[in-house]
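Novice: Here you go, one structure.
Every number in this text was worked out from the coordinates using simple rules, so none of it is lab data. Keep in mind that this is a model prediction, so the values were computed, not measured. With ideal geometry, Cβ positions are generated from the backbone for all residues, glycine too; neighbour counts draw on all protein chains shown.
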């Protein structure tokens, strides 16, 4: 198991006064048999008193409001998380061509089979479905692994190639994208084959000194805000696949929230009143739980580059962060 302390800081800087800022954040790590959120603290500047609740998919959601005029909003989420080794996909699962036998079970996950704004059931995915079927062994697990590998090999990771509101059609056209796009692509391929799939928002923690790391992990950057997918295999359960790395998830994947797509679980979402433009910056830091000498030492810092948005109209929408 791995223990991490995560500090996720989001800052909005406005070029004029704004007010009546209403926000929701999905920043508290999930709590289940595979991951324990040992502590969590959410603070804002200007000061607010957040409230919390569970959404329909079982994620923690925090809400807060800043009514008075302000020119800057800082949101800081401080978490300590214990991650267990994920169960690997079973070697034997039901066959892909036998999914009709599990119609009752699959219908329980209808929302995770249906098309969404980010993941339409596009005819352009048909070739990817066909190739993954040919590459697999005929089982649902074999198909899911083949689909993740196919996206990893076919699409090029490129920051800035897409934007936060891009759908899979944008990535299909350019054959490029970031983890958010690749997660959506994998979800689309899985759903079109009849397998429920869900979007996972989270972090990719860096390898510790002495550990081997995937070349793509080094490209992405340790502890970046990250995204991947989970697939439901009838008779077996949910399993995580990271198409950006072309592999199953591991101890370095820290889960924040589940959604039908990114739109359900954007880390920070909000609106404010005012004509001012905004600049967004995101900084994520991780401290490994305890090193060989029993100390917690800062291991990695990554920050999304600041971007500028000049919105118009009232109220304005807070700019969202694309998961890299």
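Novice: When ranked by the protection proxy of mean other Cβ atoms within 10 Å per residue, highest first, what sequence do the peptides 143-154, 98-109, 26-37 form?
Specialist: For the peptides 143-154, 98-109, 26-37, the packing ranking is 143-154, 26-37, 98-109.
Novice: Rounded to the nearest 500 deg cm²/dmol, what is the calculated helix-only ellipticity per residue at 222 nm for the chain, with -39500 (n - 2.57) per DSSP H run of length n ≥ 4?
Specialist: Calculated at 222 nm, the ellipticity per residue is -5000 deg cm²/dmol.
Novice: Turning to a different aspect of this structure: Helix 140-154 versus the longest principal axis of the chain: what angle, 0 to 90°, nearest 10, using Cα atoms?
Specialist: 60 degrees
Novice: If you don't mind, another one. Which percent of Cα-Cα pairs in the stretch 30-156 sits in each 10 Å bin, short to long?
Specialist: Taking all Cα pairs of the stretch 30-156, the binned fractions are 9, 23, 27, 23, 14, 4 percent.
Novice: Cα convex hull of the stretch 1-50: mean projected area in nm², to one decimal?
Specialist: Average of the hull's projected areas for the stretch 1-50 equals 4.8 nm².
Novice: Next up: In degrees, nearest 10, range 0 to 90: what is the angle between the Cα axis of helix 126-135 and the longest Cα principal axis of the chain?
Specialist: Here the helix axis deviates by roughly 60 degrees.
Novice: Take peptides 250-257, 165-172 and line them up by average Cβ neighbours within 10 Å, highest first, as a rough protection proxy.
Specialist: Going from most to least packed, we get 250-257, 165-172.
Novice: Cut-off 10 angstrom, C-alpha nodes, Gaussian network model of the chain. Which of 225, 201, 236 fluctuates the most?
Specialist: Top of the fluctuation ranking is 236.
Novice: From largest to smallest, what semi-axes in whole angstrom does the stretch 67-137 give when each is the square root of 5 times an eigenvalue of its alpha carbon gyration tensor?
Specialist: In descending order, the three semi-axes are 38, 22, 15 Å.
Novice: On to the next question. What is the spread of the Cα atoms of the stretch 96-264 along each of their three principal axes, largest first, in whole Å?
Specialist: Over the stretch 96-264, Cα extents along the principal axes are 47, 33, 30 Å.
Novice: On C-alpha positions alone, give me the angle between the axis of helix 179-192 and the longest principal axis of the chain, in degrees, nearest 10.
Specialist: It is inclined by approximately 40 degrees.
Novice: Quick one: Cα centre-to-centre distance for the stretch 81-101 and the stretch 8-45, in angstrom?
Specialist: 32 Å
Novice: Mind ranking 237-249, 60-72 by how tightly packed they are, going by the mean number of other C-beta atoms within 10 angstrom, highest first?
Specialist: Per-residue Cβ counts within 10 Å, averaged per peptide and sorted highest first, yield 237-249, 60-72.
Novice: Next question. Largest first and to the nearest Å, give the Cα extent of the chain along each principal axis.
Specialist: On the principal axes, the chain reaches 59, 53, 35 Å in Cα extent.
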